[in-house]
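Asks: First the structure, which I've put down as structure tokens, then a few questions once you've had a look.
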Amino acid sequence: MANSQAVSSKTAPSAMSVIAPALGWLIPGAGHLIQKRWIRGALLMISVFAMFLLGLAMQGHVYKPNGGDILDILGFIGDLGAGGLYILTQVNDWGQGAIAHATADYGTKFIIVAGLLNFICVADAYHIAIGKKP
Amino acid sequence: MSLDLSHFSAALVFALFASVVFGVTQRQTSREQIRYGLYCFVMFLGGVILAGWVMWILRR
């Protein structure tokens, strides 16, 4: 019986292992905060939010869902990583200006990298939830 | 509002935030996280400065 319990606890994911990554994707850093990793969560939240917002302030481009150029598709996947921030830009139609100067191109990269960094944060929140990381 | 950063200051800000995320997510203990974050930051900025000098030499 003890053996069957051990097997079922291994196979059935805990609620936190689903909630933490999902929340972490929607609100960067929140996946750590919900697991009481306050400092780590705050550092991740500040970093991802700051990179994304600086990218927008630099007139960076936010990619929409598209089936065209491969770089546009990859840009969209990167942007999507920012979760709620990406949804917010789409709702408000932010980041749709033409890239007219070098700073705006940096801004585009900042926004993509903010999304990609948030993917790493989501994976880390999952590893904490399943007990793989303290 | 339009923020106009120079190439170096943009690289500096990029290195700072990317290093924080790498440090926090890629190591287990607080001490290791700080060390790895600093290592990434130095590598990012060192790479920028090195690439700058290489381009300067190639241009001459």
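Asks: Within chain A, what's the longest stretch lacking trypsin sites (Lys or Arg not before Pro) that sit in DSSP loops with no more than 11 other Cβ atoms inside 10 Å?
Replies: For trypsin sites (Lys or Arg not before Pro) (loop position, at most 11 other Cβ atoms within 10 Å), the longest site-free span of chain A is A:37-131.
Asks: Compute the distance from the alpha-carbon center of segment A:65-134 to that of chain B, in whole Å.
Replies: Rounded to whole Å, the Cα centres lie 19 Å apart.
Asks: Let me ask something additional. Quick one: which of A:87-93, A:64-70, B:39-45 comes out on top by average Cβ neighbours within 10 Å, and what's the full order, highest first?
Replies: B:39-45, A:87-93, A:64-70
Asks: Let me ask something else about it. Take B:Val20, A:Val18, B:Val13 and order them by how many other Cβ atoms sit within 10 Å, fewest up front.
Replies: If I rank by nearby Cβ atoms, fewest first, I get A:Val18, B:Val13, B:Val20.
Asks: Order these peptides, A:99-105, A:77-83, by their mean beta-carbon neighbour count within 10 angstrom, highest first.
Replies: A:77-83, A:99-105
Asks: Helix B:30-59: angle to the longest alpha-carbon principal axis of chain B, degrees 0 to 90, nearest 10?
Replies: 10
Asks: How large is the charge dipole for the protein assembly as shown, taken about the Cα centre, if only the Cβ atoms of Lys, Arg (+1) and Asp, Glu (-1) carry charge, to the nearest 20 debye?
Replies: Once rounded to the nearest 20, the dipole reads 820 debye.
Asks: Using the Kirkwood radius over C-alpha pairs as Rh, can you work out the diffusion coefficient of chain A via Stokes-Einstein at 25 °C, viscosity 0.890 mPa s, in µm² per second?
Replies: Roughly 155 µm²/s, to the nearest whole number.
Asks: So how tilted is helix B:7-26 from the main axis of chain B? Cα-based, degrees 0 to 90, rounded to 10.
Replies: For helix B:7-26, the angle is close to 20 degrees.
Asks: Mean Kyte-Doolittle of at least 0.5 and a Cα length of 18 Å or more along the axis: which whole DSSP H helices of chain A meet both?
Replies: What comes out of the filter, once short or polar helices are dropped, is A:38-57, A:102-129.
Asks: List every residue whose amide H lies under 5 Å from the amide H of A:Met58, counting only residues 5 or more places away in sequence or on a different chain, with H placed 1.01 Å from N in the peptide plane.
Replies: B:Leu3
Asks: Next question, about the same structure. For chain B, max minus min Cα coordinate along each principal axis, in Å, sorted largest first?
Replies: For chain B, the Cα spread along each principal axis is 46, 35, 11 Å.
Asks: Give me the inter-chain shielding for B:3-11: mean count of other chain Cβ atoms within 10 Å, whole number please.
Replies: Mean partner shielding for this stretch: 5.
Asks: While we're here: Just name one of A:Trp38, A:Ile87, A:Val62: the one whose Cα is farthest towards the positive end of the charge dipole of chain A (beta-carbon charges, Lys/Arg +1, Asp/Glu -1).
Replies: A:Trp38
Asks: A follow-up question, please. Taking the protein assembly as shown, how many lysine pairs are there with alpha carbons less than 22 Å apart, if each pair must be eight or more places apart or span two chains?
Replies: 5
Bear in mind these aren't lab numbers, they're just calculated from the coordinates by the rules spelled out. Just so you know, these numbers come straight off a predicted model, no measurement behind them. Quick reminder, even Gly has a Cβ in these numbers, built from the backbone with ideal geometry, and neighbours come from all protein chains shown.
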